[in-house]
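Chemist: Next up is a structure, given as structure tokens.
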Amino acid sequence: RTLVRIAKGSLKQTYAGDGDKLDELWDARRGCYIAASKYRKLVADKEGVPRAGPPIDNVLLTDVCVPLSELADVVDATETDFKVANVPCVMCCHISDGNFHCCVPCNATGAPREIGHVQELEERLIERALQRRGTVSGEHGVGIGKREFIVREHGDAHIGVQKSIKKAMDPTSLLNPGKVLFEENASNTSNSRL
């Protein structure tokens with residue numbers, strides 16, 4: 001039923017019947033980053049006139065995962081959010097497991113206001129997923145970019161257990177210091193998602 005709601009406005013649905021077809025679909029998915037980097041140049045304004053926008057130097061890659069029963073509404077709300085904000089976003093999905101990726105072309109170095117706006121949109125996406133019983137990342141992992149959100153998702157007690165295990169297994173913090181879990185005295189505490 002959920003897939004029918006999602007597919008209602010789609011132009012085409014494709015299912016892989018064999019290995020060659022699956023390879024074709026994966027090639028298309030791998031091209032999402034490049035497509036997103038070029039998409040911004042092709043986005044038309046409301047009158048249909050192409051506009052270039054500021055040059056891009058990066059693509060924010062993010063993903064969330066939600067229960068299938070929530071997927072159509074979350075994808076729709078996310079598309080609306082980006083459209084209202086006038087920020088191009090390419091969604092690449094393997095949505096049968098509730099996971100979808102947003103590839104957002106942006107100027108991360110020359111336009112700090114722009115990257116702040118893009119990160120606000122990503123935070124709303126993450127919050128939307130959490131409100132719908134989802135997770136902050138279905139595939140790409142938390143890394144340093146989403147670690148602040150794992151506390152909201154799992155709670156202080158759960159993160160405390162993870163920190164205790166990390167300390168027991170890596171008492172001198174040699175393995176990925178400052179990654180995923182906030183650590184005291186970690187040398188790499190950047191919170192950049194780009």
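Chemist: Return the only residue of 55, 67 being modelled with pLDDT under 85 and either open to solvent by 90 Å² or more (accessible area, probe 1.4 Å) or farther than 17 Å from residue 115 by Cα (or both).
Modeler: 55
Chemist: Can you find a residue in the range 31-38 that is modelled with pLDDT under 80 and loosely packed, with under 11 Cβ neighbours inside 10 Å?
Modeler: So far as the range 31-38 goes, no, none of its residues is modelled with pLDDT under 80 and loosely packed, with under 11 Cβ neighbours inside 10 Å.
Chemist: Take the residues in the range 170-185 that are open to solvent by less than 90 Å² (accessible area, probe 1.4 Å) and over 28 Å from residue 123 (Cα atoms), then tell me which one is modelled with the highest pLDDT.
Modeler: 170
Chemist: Could you tell me which numbered condition residue 84 fails, if it satisfies all but one of (1) at pLDDT 90 or above; (2) within 11 Å of the chain's Cα centre (by Cα); (3) open to solvent by 70 Å² or more (accessible area, probe 1.4 Å)?
Modeler: Result: residue 84 passes all but (2).
This table checks each residue for (1) open to solvent by less than 20 Å² (accessible area, probe 1.4 Å); (2) under 30 Å from residue 31 (Cα atoms); (3) modelled with pLDDT under 90; (4) not in a helix (DSSP H, G or I).
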position: 143; (1), (2), (3), (4): no, yes, yes, yes
position: 153; (1), (2), (3), (4): no, no, no, no
position: 157; (1), (2), (3), (4): no, no, no, no
position: 161; (1), (2), (3), (4): no, no, no, no
position: 168; (1), (2), (3), (4): no, no, no, no
position: 187; (1), (2), (3), (4): no, no, yes, yes
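Chemist: If a residue has to be crowded, with 22+ Cβ neighbours inside 10 Å, assigned to a strand (DSSP E or B) and within 11 Å of the chain's Cα centre (by Cα) to count, how many in the range 102-134 make the cut?
Modeler: 2
Chemist: Give the residues of the range 19-42 that are more than 18 Å from residue 118 (Cα to Cα) and touching a Pro at 6+ places or on another chain (Cβ under 8 Å), sorted by residue number.
Modeler: 42
Chemist: Based on what the data block shows, is residue 94 touching a Phe, Trp or Tyr at 6+ places or on another chain (Cβ under 9 Å), open to solvent by 30 Å² or more (accessible area, probe 1.4 Å) and either within 22 Å of residue 35 (Cα to Cα) or in contact (Cβ under 8 Å) with a residue 60 or more places away in the chain (or both)?
Modeler: Spelling it out, residue 94 is indeed touching a Phe, Trp or Tyr at 6+ places or on another chain (Cβ under 9 Å), open to solvent by 30 Å² or more (accessible area, probe 1.4 Å) and either within 22 Å of residue 35 (Cα to Cα) or in contact (Cβ under 8 Å) with a residue 60 or more places away in the chain (or both).
Chemist: Here is a follow-up. Give all pairs with beta carbons closer than 9 Å in which a residue from the range 141-168 that is over 17 Å from residue 130 (Cβ atoms) meets a residue that is in a helix (DSSP H, G or I) and of a type outside the set (Gly, Ala, Ser); count only pairs at least 6 apart in sequence or on separate chains.
Modeler: Partner pairs satisfying both residue conditions: 162/150; 162/154.
The values are calculated or read from the model by the stated rules, or taken from the named source; none is laboratory data. Keep in mind it's a predicted model, so treat the numbers as computed, not measured. Using ideal geometry, Cβ is built from the backbone for each residue, glycine included, and neighbour counts are taken over all protein chains shown. Quick note on the areas: whole protein, heavy atoms, side chains included, nothing else; ligands and nucleic acids left out. Shrake-Rupley method; radii C 1.70, N 1.55, O 1.52, S 1.80 Å.
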